[in-house]
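*Asks:* Before we start, here is the structure in question, set down as structure tokens.
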Amino acid sequence: MSATIGDVRPGALPLVRLRPAAGGREILRKDVAQLSDEALLEAVADSDEAALGELYDRFGRVAYGLALRILRDATLAEDAVQEAFLQVWRGATGYRRERAKASTWVLTFVHRRAVDLVRREERRRGDPSGALPEPAGPGADDAVVARSRREIVQDALSRLPADQREAIELAYYGGLTQSELAERLSQPLGTIKSRMFSGLQRLHALLVEAGFESA
Amino acid sequence: MSSDLHELAAPYALDALDADERERFERHLAECERCSAQLAELQEAAGALAFAAEGPEPPPSLRGRILESARAESSGKVVAFPPHRWALPAVATIAAVAACVAIGLGIWAGSLSHSLDRERSAKAGYARAFELLGGGAQVKALAGGEGALLVAPGGGKAALVVCGLSPAPAGRTYEAWVIEDKTPRPAGLFRGGGGCPPVLLEREVPAGATVAVTLERKGGAQRPTGSILFHSAAV
């Protein structure tokens, strides 16, 4: 808390003086663009709007792509992303970096919000199982980093045993519950649960092996 | 039953549980270290799946809308707690607390004298409560005490975070009540003490209700007999 602008070494990044926290303390932080995802989320927990903007810049596109794939409707997808980021804004104090990567934490909100919305919509339409998820489309821009992350995950997915991949894709992208899945695939619930479990464990191992870094 | 619950970690990570199953698993998760550890890995794998779905750019207006709503919330939703008012006759045993904590949007404001330990403890208490209830939990200030009532988004499940409460004296227990239409219903017993531990209520808190805490005989009561030590704002 004792750092001042004068402490910045020549050539170092400028410190941005944020509004004083109540109680008279001042928060000094590096420009949010320089923060790790985790530090960024912690800045969001300090109600730093610039940090929220930066968080959106890093994950907004992935969030929207995910919501769109689940909801298959642009307006609903926007709603899901907006609500999820507001939940992040309200709940960031609950984030702990030793328990989860920031990207995982944020995208969990987006996913849950999208799944809740798609279930509500399907109940309204009387279509409990929903349409099969569409395959992921190509990205609209040339974000090389994002594309390589996409490719790594897609590649890892393709290396799962087909029944595990199917259970994971239908659940995660299709928004189906385990019971709906059991019914659709005509398998006992226990089988579905174990496919999900083995599939996710395997996926985790494959991603670690491929050096996947969501940050 | 509990082995069934362990098996819900993967479907939970994939959001493939219905609302009841999700709630049951979250209650279990609060008590099962093994599941928490396992879930972290499963959730990381599930979270990575989001990257495979990446598609078109979101409309440019979305960013502005998010920031605008966040700003609107900050101005209206920050919860500032009153200085402690523990010195009620019925609560002579309850320790005085020097810290004054404000949360809601992650703002930790306080007198300059408040200790880092207390802040850490409060932060851990809230973090745990948010974990139990989901990040979007509503936060309601407590009157007469330091802490907050947190209510899960979209429904009823709630936790109290109370800081600096002395352990209940021998033979007594703290009891939480959900008060709806002036009718108090028992919502769980707790011991108090130990920083700011979250207390998951055993009864849902419907819209319009408040939560209050009294000191009761060990084993609890069906109707409050002690006076209200502190209570939340209406949900």
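Readers should treat all values here as calculations from the given coordinates under stated rules, not as data from a laboratory. These numbers were taken from a predicted model, which means no experiment stands behind them. A quick note on method: Cβ atoms are made from the backbone with ideal geometry, for glycine too, and the neighbour counts reach across all protein chains shown.
*Asks:* Find the centroid of the Cα atoms in region B:123-159 and in region A:40-99, then give the distance between the two in whole Å.
*Replies:* That distance is 20 Å.
*Asks:* So between B:GLU73 and B:SER227, what do we pick up on full extension, going 0.36 nm a residue minus the alpha carbon distance?
*Replies:* Full extension of this stretch gives 52.0 nm more.
*Asks:* Assuming a ≥ b ≥ c are the square roots of the Cα gyration tensor eigenvalues, decide whether region B:173-223 counts as rounded (a/c under 1.5), prolate (otherwise, with a/b larger than b/c) or oblate.
*Replies:* Here region B:173-223 falls in the oblate category.
*Asks:* Which residue, A:THR108, A:LEU40, A:GLY60, has the largest displacement toward the positive end of the dipole of region A:32-127 when charges sit on each Cβ (Lys, Arg +1; Asp, Glu -1)?
*Replies:* Final value for the positive-end residue is A:THR108.
*Asks:* Let me ask something else about it. If you take the square roots of the eigenvalues of the alpha-carbon gyration tensor of region A:142-215 and sort them as a ≥ b ≥ c, do you get rounded (a/c under 1.5), prolate (a/b over b/c) or oblate?
*Replies:* Cα axes put region A:142-215 in the prolate bin.
*Asks:* Compare the peptides B:173-182, B:218-227, A:89-98, B:31-40 by average per-residue count of other Cβ atoms within 10 angstrom and give them in order, highest first.
*Replies:* A:89-98, B:173-182, B:31-40, B:218-227
*Asks:* Please work out the ratio of the alpha-carbon Rg of region A:25-115 to 2.2 N^0.38 Å and round it to two decimals.
*Replies:* Taking N as the residue count of region A:25-115, the ratio is 1.07.
*Asks:* Just name one of A:SER148, A:VAL208, A:THR191: the one whose Cα is farthest towards the positive end of the charge dipole of region A:142-215 (beta-carbon charges, Lys/Arg +1, Asp/Glu -1).
*Replies:* Farthest along the dipole direction, towards plus: A:THR191.
*Asks:* Provide the net charge surrounding A:GLU166, with neighbours chosen by a C-beta distance below 13 Å and charges set as Lys +1, Arg +1, Asp -1, Glu -1.
*Replies:* The answer is +1.
*Asks:* Give the shape of region B:2-52 as rounded, prolate or oblate, defined through the alpha-carbon gyration tensor: a ≥ b ≥ c are the square roots of its eigenvalues, a/c under 1.5 means rounded, and otherwise the shape is prolate if a/b is larger than b/c and oblate if not.
*Replies:* Because a/c hits 1.5 or more and a/b fails to exceed b/c, region B:2-52 counts as oblate.
*Asks:* Got a sec? How would B:PHE230, B:PHE51 order by Cβ neighbour count within 10 Å, fewest to most?
*Replies:* Ranking B:PHE230, B:PHE51 by Cβ neighbours within 10 Å, fewest first, gives B:PHE230, B:PHE51.
*Asks:* In nanometres, what is the gap between the two model label sites at A:VAL208 and B:LYS218, each 7 Å from Cα along Cα-to-Cβ?
*Replies:* 4.7
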